[in-house]
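**Q** One structure follows; several queries about it will come next.
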Amino acid sequence: AGRWEECNAKLEEALPIYNQINQNYIPNKFFPAPYVWAGLPLTEGMSFQAMQASCMSQLAEGYIHVGKLDEGIQIARKALEIGVSINNDWTQAMTSLILCNGLIEIGLFEEAYYIGLKGVDLASKSPNPALIFFTKNVLGLASQTLYEYEDAHKQLLEALEMVPYLPSKHYLSYVISKLCMNAVKREDWHQAIQYAYQSIENRRTTPASLIV
């Protein structure tokens, strides 16, 4: 719903708790749903670190959305380090997605592309289509910042292919608007107009709180 300040406040309260929890507090044989959601393989320990990194990455995203770019990027880098240290693909993919967005915002386009590429590679190992969808989207944006318009088009089309597998059709606008912009960059005006009309039509049926 766009209430990023409130979201950030809650995450800021949660993060210190993770710093106080001993890793062995939750036995390796016990996997509550949030840990599975965070991408933790059922045969692997490191539950605490996976959820800690998840909390950090969400806070990083919140900071980036309210303009605290340096803080958000710094936290995202730390979360990515945790994901690498525990060899958790989901954690790395999610954090790469957020970090890539932040790097694009501050103009570090080449690093953003590299991080985005790694994120897509890791997401491809996940059975979660939403993760593939979002990492492909952000990699497409990173490619576009480097004037690689054809590569950006390819990534965005592959993201579009994931939409039927997502829980809501409203995600369609998220990628169609980017494809419209890409078509303009490629000077494909006919396609740009088609995407623009499609995006407008989809947004008409999308609740305002769900428009991303």
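**Q** With θ set to phi - 60°, apply the Karplus curve 6.51 cos²θ - 1.76 cosθ + 1.60 along the stretch 139-147 and write out the HN-Hα couplings as whole Hz, x wherever there is a Gly or Pro.
**A** Each residue's phi maps through the Karplus curve to give 5, x, 5, 4, 4, 5, 5, 9, 6 Hz.
**Q** Subtract the Cα-Cα distance of Leu146 and Val66 from 0.36 nm times their separation in residues, and report this length gain in nm to one decimal. Let's see the in-between values first.
**A** Working: separation 80, 0.36 × 80 = 28.80 nm, distance 2.50 nm.
Additional length available on full extension: 26.3 nm.
**Q** Give me the aspartates and glutamates in straight-line cross-link reach of Lys10: C-alpha distance below 12 Å, same-chain residues under 8 apart excluded.
**A** Partners found: none.
**Q** Anything over 29 Å Cα to Cα? Flag those among Lys125/Lys169; Lys68/Lys118; Lys68/Lys154, in the order listed.
**A** Numbers: Lys125/Lys169 24 Å; Lys68/Lys118 24 Å; Lys68/Lys154 31 Å.
In this structure, Lys68/Lys154 lie more than 29 Å apart at Cα.
**Q** Projected onto the charge dipole of the stretch 104-212 (+1 at Lys/Arg Cβ, -1 at Asp/Glu Cβ, origin at the Cα centre), which of Ile115, Pro167, His153 gives the Cα projection farthest towards the positive end?
**A** Pro167
**Q** How much area per residue is accessible in the stretch 102-212 when the probe is 1.4 Å and only protein heavy atoms are counted (Å²)? Mind showing how you got there, number by number?
**A** Details: 6020 Å² over 111 residues.
In whole numbers, the stretch 102-212 has 54 Å² accessible per residue.
**Q** While we're on this one: Once the stretch 54-212 is represented by equal point scatterers at the alpha-carbon sites, with solvent omitted, what log10 I(q)/I(0) does the Debye formula produce at q = 0.14, 0.16 Å⁻¹?
**A** With one equal scatterer per Cα and no solvent, log10 I(q)/I(0) is -0.70, -0.91.
**Q** Calculate what fraction, in whole %, of the accessible area of the stretch 93-212 sits on carbon and sulfur atoms when a 1.4 Å probe is rolled over the protein chains.
**A** About 59 percent, which is the carbon plus sulfur part of the accessible surface.
**Q** Which of the aspartates and glutamates could a cross-linker bridge to Lys185, judged by Cα under 14 Å and excluding same-chain residues fewer than eight apart?
**A** Cα-Cα hits under 14 Å: Glu148, Glu150, Asp151.
**Q** Also, quick follow-up: Computed on alpha carbon atoms, what radius of gyration and Dmax characterise the stretch 62-116, expressed in Å?
**A** That works out to 10.6, 30 Å for Rg and Dmax.
**Q** What's the ranking of 52-63, 140-151 by average number of surrounding C-beta atoms within 10 Å, highest first?
**A** On the way: 52-63: 24.8, 140-151: 18.7.
For the peptides 52-63, 140-151, the packing ranking is 52-63, 140-151.
**Q** Related question: Can you list the residues of the stretch 87-123 with backbone N under 11 Å from a point 7 Å past the Cα of Glu81, pointing along Cα to Cβ?
**A** none
The values are calculated or read from the model by the stated rules, or taken from the named source; none is laboratory data. Keep in mind it's a predicted model, so treat the numbers as computed, not measured. Positions of Cβ are backbone-derived with ideal geometry, glycine not excepted, and every protein chain shown enters the neighbour counts. Just so you know, the surface numbers come from the protein's heavy atoms only, side chains and all, with ligands and any DNA or RNA stripped out. Shrake-Rupley method; radii C 1.70, N 1.55, O 1.52, S 1.80 Å.
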